[in-house]
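The next block holds one structure in the form of structure tokens; read it before the comments.
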Amino acid sequence: MKGYLGVDIGSVSTNIVLLNEMEEVEYKLYLRTMGRPIDALKSGLENLLLQYGENIEIVGVGTTGSGRILAGTILGADVIKNEITAHSIATIKEFPDVKTIIEIGGQDSKIIIIRNKVVVDFAMNTVCAAGTGSFLDRQADRLGIPIEKVGEIALKSKNPTRIAGRCAVFAESDMIHKQQMGYKIEDILKGLCKALVRNYLSNVAKGKELNPPYVFQGGVAANKGIKKAFEEELGENIYIPKNYDVMGAIGAALLAKKYINSTLKKTNFKGFKIVKSRIDTEMFECDGCSNSCEVVQIYFEGKIIGRWGDKCGKWSNSLNLERYDIAQEAIL
């Protein structure tokens, strides 16, 4: 089977999908990055290899996420794109009329405004973790509740309490206070869901023109309480994609397929030998000028295969011009 590989590497999760020629998801995998993106990537590829063995031919590779350049260099990606582009491509394919994409992942939240299938505006949270998946994980763990049950329990609430959700520290303190006051867990969790949605709308979505249809994706979209809270705040139905948790990876794979088909080039994919190969990274500070850029080097079996981080291109250009151009496209 021929397939297109899409990889979305973030600080919390590493998502891998395989699309077939019909652009259908044949395989998807969610892994915890655990601060070790290279190990997560190799583990994901090993799982894919175990699933399909020699019956698969990777004909295109795309990467996205905060670790997209690292993953793209290791894999030999054909396309490296930012998360906004990757998420938008995947969402528009499933919901062609979408106008507002709400994306909440493990570490960050995004809003993407779409008009006529074109991204016209977007924003990401950059300051506080309140409202992200990692914050919900922490609260579920503190309460001894499986994260999968948080939304279900929240929906049982008839009288949600008000939780201060503008800051992760204040939200947690407020939740502890309400627990000590004897509030029901379902009321606290529903209050938390509503607080996180208020926080998202007043910060991430501040100043944006929000119009339906709304599509909600990212790992937090599994939380029924958050979905309900969005519907109550916006007064509209919220749609959740079938593969809501891997939309970035799907978008990366779709972009890779489009690139390969339009250029008729063969993929740069380096093959599954990556799983057993020694891959190392190191960083050094360039002293060539006052910018003092931090340059990252990546080694494959002891040989340097990629560099990035230099503003002038002194180091990255010295290796592979084509690879550098792709990396720059991703940064912009």
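The values are calculated or read from the model by the stated rules, or taken from the named source; none is laboratory data. The structure displayed is predicted, hence computed values, not measured ones. Note: ideal-geometry Cβ built from the backbone for every residue, glycine included; neighbour counts use all protein chains shown. Side chains are part of the model used for accessible areas, which takes the heavy atoms of the whole protein and leaves out ligands, DNA and RNA. Shrake-Rupley method; radii C 1.70, N 1.55, O 1.52, S 1.80 Å.
Just Leu18, Leu234, Leu255 to compare: in a GNM of the chain, with alpha carbon springs under 10 Å, which one fluctuates most? Answer for the Gaussian network model of the chain: Leu234.
What does DSSP give for the chain in terms of the percent of beta bridges that are antiparallel, rounded to the nearest 5? The partial results should precede the final answer.
Values: 36 of 51 bridges.
The antiparallel fraction comes to roughly 70 percent.
Available extension along the chain between Tyr27 and Tyr299 is 95.0 nm, counting 0.36 nm per residue and deducting the alpha carbon span. Here the Gaussian network model covers the chain, with springs between Cα atoms less than 10 Å apart; of Gly76, Gly225, Gly302, Gly302 fluctuates the most. For Phe122, the residues whose amide H sits under 5 Å from its own are Ile113, ignoring neighbours fewer than 5 places away on the same chain, with H placed 1.01 Å from N.
Just check the chain against the gyration tensor rule for me: Cα atoms, a ≥ b ≥ c as the square roots of the eigenvalues, rounded for a/c under 1.5, and otherwise prolate or oblate depending on whether a/b exceeds b/c. Please list the in-between numbers first.
Values: a/c = 1.85, a/b = 1.64, b/c = 1.13.
Prolate, since a/c reaches 1.5 and a/b exceeds b/c.
Computed from backbone phi, the HN-Hα couplings of the stretch 134-144 come to 5, 5, 5, 4, 5, 5, 5, 5, 5, 8, x Hz, rounded to whole numbers (Karplus: 6.51 cos²θ - 1.76 cosθ + 1.60, θ = phi - 60°; Gly and Pro given as x).
Would you list His87, His177 from the most to the least accessible area, probe 1.4 Å? Mind showing how you got there, number by number?
Numbers: His87 10, His177 85 Å².
Putting His87, His177 in descending order of accessible area: His177, His87.
Between Lys224 and Leu50, the FRET efficiency from the beta-carbon distance, with R0 = 41 Å, is close to 0.80.
When the Cα gyration tensor is reduced to axis lengths a ≥ b ≥ c, the ratio a/c is 1.5 or higher for the stretch 1-148, and with a/b not above b/c it is classed as oblate.
Calculate how many DSSP beta bridges within the stretch 6-124 are antiparallel, expressed in % of all such bridges and rounded to the nearest 5.
Values: 22 of 27 bridges.
DSSP beta bridges in the stretch 6-124 are roughly 80 percent antiparallel.
Here the label points at Cys289 and Ser262, each 7 Å from Cα along the C-beta direction, are separated by 3.2 nm in the simple model.
Relative contact order for the stretch 1-143 using alpha-carbon pairs under 8 Å, separation at least 6, rounded to a whole percent? Each step should come with its number before you reach the end.
Details: 249 pairs, mean separation 25.5, N = 143.
Here the relative contact order equals 18 percent.
Enclosing the Cα atoms of the stretch 1-78 in their convex hull gives a volume equal to 77 cubic angstrom per residue. Highest GNM mean-square fluctuation among Pro160, Pro146, Pro37, for the chain modelled with Cα contacts below 10 Å: Pro146.
Working note: Karplus 6.51/-1.76/1.60 with θ = phi - 60° gives the stretch 72-78 the couplings x, 5, 5, 6, x, 5, 7 Hz, where Gly and Pro are set to x.
Label sites at Met1 and Val275, each approximated as a point 7 angstrom past Cα along Cα to Cβ, lie 1.6 nm apart.
About its Cα centre, the dipole of the chain is roughly 440 debye, where the only charges are +1 on Lys and Arg Cβ and -1 on Asp and Glu Cβ. Label positions at Lys93 and Lys242, each projected 7 Å from the Cα along the C-beta direction, are separated by 1.2 nm.
Note that the stretch 189-199 has calculated 3J(HN,Hα) couplings of 5, 5, x, 5, 4, 5, 5, 5, 5, 4, 4 Hz, one per residue in order, obtained from phi through the Karplus relation 6.51 cos²θ - 1.76 cosθ + 1.60 (θ = phi - 60°); glycine and proline are x.
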